[in-house]
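The block underneath contains the structure these notes are about, expressed in structure tokens.
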Amino acid sequence: MPHLAIRSALLFACCLAAAPGLHAQEAGIRWRTDYQAARKESESKKLPLFIDFIRPNCPPCAKMDQYTFTDPRVAKTLKEKFICVKINGLEDTTLASYLNINLFPTIVMASPDGRIEGKPIVGYVEADILHEHLHRML
């Protein structure tokens, strides 16, 4: 019986790790996947864009979802002050190429008029650091 419980726990953990965005969704962040629609929403609501470029099976991307985006301060700021977009950089190659993104995760922030603000944030970033970046953007 203990083996069954261990196997069940491992299977559950693997499912969570294989589902990028699941933890962040639990934090209440509404991730859009259509850049053009998000851009229009950003402009109409006068809120900046927060673009998270990811790729499938990316451990640092999953770690961001699991730890950084579930931090209450980060989640609250993203939910209330940004239009959030999660882009698969291997599928949406036009936007990733245009922005010269080839490492994942990479975070890009843009003003409501579409201008890129600051430098991209490349790789895993702790919640405290991302929280500071978000408030500098605002």
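If you go through region 13-34 and keep only what is at pLDDT 95 or above and buried (at least 17 other Cβ atoms within 10 Å of the Cβ), you end up with I29, W31, R32. Quick one: in region 60-99, which of the residues that are modelled with pLDDT of 95 or more, polar (S, T, N, Q) and not in a strand (DSSP E or B) is farthest from M137 (Cα to Cα)? By that ranking, first place goes to Q66.
What residue, of I54, I129, is of a type in the set (A, V, I, L, M, F, W, C) and buried (at least 16 other Cβ atoms within 10 Å of the Cβ)? Write out each step before concluding.
Numbers: I129 fails: buried (at least 16 other Cβ atoms within 10 Å of the Cβ).
That would be I54, the only listed residue that is of a type in the set (A, V, I, L, M, F, W, C) and buried (at least 16 other Cβ atoms within 10 Å of the Cβ).
Looking only at residues in region 35-51 that are in a loop (DSSP other than H, G, I, E, B) and not hydrophobic (A, V, I, L, M, F, W, C), the one that is least open to solvent (accessible area, probe 1.4 Å) is P48. Among the residues of region 1-10, are any outside any helix (DSSP H, G or I), farther than 25 Å from N102 by Cα, modelled with pLDDT under 95 and not β-branched (V, I, T)? Among the residues of region 1-10, at least one is outside any helix (DSSP H, G or I), farther than 25 Å from N102 by Cα, modelled with pLDDT under 95 and not β-branched (V, I, T), which makes the answer yes.
Answer yes or no: is there a residue in region 76-83 that is open to solvent by 60 Å² or more (accessible area, probe 1.4 Å), out of contact with any Gly (no Cβ under 6 Å at 6 or more places or on another chain), under 14 Å from I51 (Cα atoms) and of a type outside the set (F, W, Y). So far as region 76-83 goes, yes, one or more of its residues are open to solvent by 60 Å² or more (accessible area, probe 1.4 Å), out of contact with any Gly (no Cβ under 6 Å at 6 or more places or on another chain), under 14 Å from I51 (Cα atoms) and of a type outside the set (F, W, Y).
The values are calculated or read from the model by the stated rules, or taken from the named source; none is laboratory data. The model shown is predicted, which means the values in this text are computed figures rather than measured ones. All Cβ positions, even for glycine, are placed from backbone atoms using ideal geometry, and neighbour counts span all protein chains on display. The accessibility values were calculated without ligands, DNA or RNA, using every heavy atom of the protein model including side chains. Shrake-Rupley method; radii C 1.70, N 1.55, O 1.52, S 1.80 Å.
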